[in-house]
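Chemist: There's a structure below that I have some questions on.
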Amino acid sequence: MGCLWRKTLSFFLVFVTVYLHGASSQEASPAGPRKPFFERLRRLEEQFRRFQAVTLTHLQSVASNYNVSYNVDVRFRSLAEESQAVAQAVNRSQAAVQGELAQLKAWVRKLQHRSRKVDKRLRALGLTLGERSQQQARERKAHEAQGDALQDSLARLEGLVHSQGARLAALEGWLPVAHPGTTALGPALVPAPTQPGLLGPSSLKLQRDRQELQAASEHRGPRQDSSAPLQGTREPPGSGSHRVLNETATAPKDPPRQAWSPRGPGEICGVGPTLVFPNASTKNVVFLSPGFVTALRAVSFCSWVRTASGHLGTLLSYATEDNDNKLVLHGRDSLLPGSIHFVIGDPVFRELPLQPLLDGQWHHICVIWTSTQGRYWLHVDRRLVATGSHFREGYEIPPGGSLVLGQEQDSVGGGFDSSEAFMGSMSGLAIWDRALVPGEVANLAIGKEFPTGAILTLANAALAGGFVQRANCTCLEHCP
């Protein structure tokens, strides 16, 4: 700022010198007349005032410029100080970051070292697990081979048992009814050899079977003619809380194991309560509660059935959230009149022949299925009328669904269609979570013995509304 002031003072002196020189030159000019001394002094004073004003203005501008430059210098100094502080902070941050980076590098080296160790251990474990998995796979294949062999053996045994049971039922059917006061037998299945030495093993077995059946026939007394065609069953499903048909709806108990005594030839008595479905209303529905509480790998459904129409409606329907046709017996879509679709896990089904049910009479039916090789059997009035295999092999019927009698469900507990409703009567209905053998089916059909282990009976039936009636008939022939 001192340099600026010196420059300004030099300019002022130069300007005064030039001005005085001009004034003296005007006074020395001979052209103008000489004026009095006071006039000249006055003019000089005026010129000096003007010069003073100009000089003052110039000095004020110089002063203002000096203040601005001073403020700029102060700002520059503050900025320089701030930049220096920032530089120092950056230097300290860089030093701290470099220290942390050095620590991180050390940690990274340690982690890499540890990861290499872990990789080695993992590779060793992988090799060990691979060897163990291969060994387990070999063992599993061996177990599966053994399981397949066992399943094949079981399937063959089941087939043999059912075939033997069918043969025994056929043998019993050939025996005539022993009337009171008579002991004569009808036509024998196998001619009795006249010489004991000529009896072969099969002849001896048939003769023993015939004698046992004769003794059983004499013990039971009069019964209906076994050669008459018999038919019919329907599976009841159910779940939900509804009006219970019996006073209690607890877990089913096996009925008393006593033979029913026909009141007359051909009568069916002592089989328990009867459910009557008088029309095809969608309100005629019966639920079996609590339904299936565990997954089923086998199921047997047996019941006395009499249909009141020329077609078979829905006997049983079991629906879950993911499939409304997990287990169904219905006849709407059957190709032949009187046949019925046996559905397990829609859309897989088998068509079963139940044409005898269309005669309006009572018939006993049993539908049996097991996931072992997908075997299934249909018994009508103790006779095996249909069988097959590879039907839902290895499948499980899941628990927790809705089990309904008389209606086909399109949703859990609903979606009924009157064209699929059942019209008729059901009695002595029961469901097992195993495959009944032919002897048990035959004993159940003649009222000789009720198989153990039933998971659902009509004691679990709950009425949801409509016109379904519960009847307690001494004999089925007297039921409405």
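Chemist: Could you tell me which numbered condition ALA454 fails, if it satisfies all but one of (1) more than 17 Å from TRP369 (Cα to Cα); (2) under 30 Å from the mean Cα position of the chain (by Cα); (3) not aromatic (Phe, Trp, Tyr)?
Modeler: (1)
Chemist: While we're looking at this one, here's another question. If you go through the range 389-409, how many residues are farther than 13 Å from THR320 by Cβ and within 18 Å of the chain's Cα centre (by Cα)? Steps first, please.
Modeler: Looking only at the range 389-409, we keep the residues that are farther than 13 Å from THR320 by Cβ, and these are 389-395, 405-408.
If we keep only those that are within 18 Å of the chain's Cα centre (by Cα) as well, we get 395.
Of the residues in that region, 1 qualify.
Chemist: Among the numbered conditions (1) under 26 Å from the mean Cα position of the chain (by Cα); (2) under 28 Å from HIS390 (Cβ atoms), tell me where SER334 comes up short.
Modeler: (1)
Chemist: Residue by residue through the range 422-474, note down the ones that are under 22 Å from THR387 (Cα atoms) and part of a strand (DSSP E or B). Can you show your working first?
Modeler: Start the filter on the range 422-474 by keeping residues that are under 22 Å from THR387 (Cα atoms), which leaves 429-446, 451.
LEU429, ALA430, ILE431, TRP432 - these are the residues of the range 422-474 that are under 22 Å from THR387 (Cα atoms) and part of a strand (DSSP E or B).
Chemist: Would you confirm whether any residue within the range 402-421 is open to solvent by 20 Å² or more (accessible area, probe 1.4 Å), β-branched (Val, Ile, Thr), modelled with pLDDT of 90 or more and not in a strand (DSSP E or B)?
Modeler: Checking the range 402-421: at least one residue is open to solvent by 20 Å² or more (accessible area, probe 1.4 Å), β-branched (Val, Ile, Thr), modelled with pLDDT of 90 or more and not in a strand (DSSP E or B).
Chemist: Looking only at the range 427-445, count how many residues are charged (D, E, K, R) and crowded, with 24+ Cβ neighbours inside 10 Å. First the steps, then the outcome.
Modeler: From the range 427-445, those charged (D, E, K, R) are 433-434, 440; that's our starting set.
Cutting the leftovers down to crowded, with 24+ Cβ neighbours inside 10 Å gives us none.
Matching residues across the range 427-445 total 0.
Chemist: Next up: Check off (1) surrounded by 20 or more Cβ atoms within 10 Å (Cβ to Cβ); (2) more than 19 Å from ALA155 (Cα to Cα) for LEU378 and give me the number that stays unchecked.
Modeler: Tallying (1) surrounded by 20 or more Cβ atoms within 10 Å (Cβ to Cβ); (2) more than 19 Å from ALA155 (Cα to Cα), LEU378 fails exactly one: (2).
Chemist: Working only within the range 278-309, note down all residues that are in contact with a helix residue (DSSP H, G or I) (Cβ under 6 Å, 6 or more places away or on another chain) and open to solvent by 50 Å² or more (accessible area, probe 1.4 Å).
Modeler: THR282
Chemist: Considering only the range 284-313, state which residues are part of a strand (DSSP E or B) and over 18 Å from THR457 (Cα atoms). I'd like the intermediate steps shown before the answer.
Modeler: Residues of the range 284-313 part of a strand (DSSP E or B): 286-288, 296, 298-307.
Matches in the range 284-313: THR307 only.
Chemist: Let me ask something additional. Given the conditions (1) touching a residue at least 12 places away in the same chain (Cβ under 8 Å); (2) open to solvent by 20 Å² or more (accessible area, probe 1.4 Å), and given that ASP333 satisfies all but one, which numbered condition is not satisfied?
Modeler: The single condition ASP333 does not satisfy is (1).
Chemist: Could you list, in sequence order, the residues of the range 337-373 that are closer than 22 Å to PRO438 by Cα, in a loop (DSSP other than H, G, I, E, B) and open to solvent by less than 10 Å² (accessible area, probe 1.4 Å)?
Modeler: Matches in the range 337-373: LEU354, SER371.
Per-residue answers, yes or no, for (1) touching a residue at least 12 places away in the same chain (Cβ under 8 Å); (2) more than 60 Å from the chain's Cα centre (by Cα); (3) surrounded by 10 or more Cβ atoms within 10 Å (Cβ to Cβ):
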position: VAL62; (1), (2), (3): yes, yes, yes
position: ASP73; (1), (2), (3): no, yes, yes
position: ALA80; (1), (2), (3): no, yes, yes
position: SER83; (1), (2), (3): no, yes, yes
position: LEU129; (1), (2), (3): no, no, yes
position: GLN135; (1), (2), (3): no, no, yes
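Chemist: In the range 393-418, which residues are within 19 Å of TRP369 (Cα to Cα) and out of contact with any strand residue (DSSP E or B) (no Cβ under 6 Å at 6 or more places or on another chain)?
Modeler: GLU393, GLY394, TYR395, GLU396, PRO398, PRO399
Chemist: Okay, next question. Residue under question is GLU449, and the condition is that it be more than 26 Å from the chain's Cα centre (by Cα), open to solvent by 40 Å² or more (accessible area, probe 1.4 Å), charged (D, E, K, R) and within 30 Å of GLN151 (Cα to Cα); does it hold? Quick ask: steps written out before the conclusion?
Modeler: Values: more than 26 Å from the chain's Cα centre (by Cα): yes; open to solvent by 40 Å² or more (accessible area, probe 1.4 Å): yes; charged (D, E, K, R): yes; within 30 Å of GLN151 (Cα to Cα): yes.
Yes; evaluated as a whole, the condition is true for this residue.
The values are calculated or read from the model by the stated rules, or taken from the named source; none is laboratory data. Just so you know, these numbers come straight off a predicted model, no measurement behind them. Glycine gets a Cβ as well: all are built from the backbone with ideal geometry, and neighbour counts include every protein chain shown. Note: accessible area is taken over every heavy atom of the protein model, side chains too, but ligands, DNA and RNA are not part of it. Shrake-Rupley method; radii C 1.70, N 1.55, O 1.52, S 1.80 Å.
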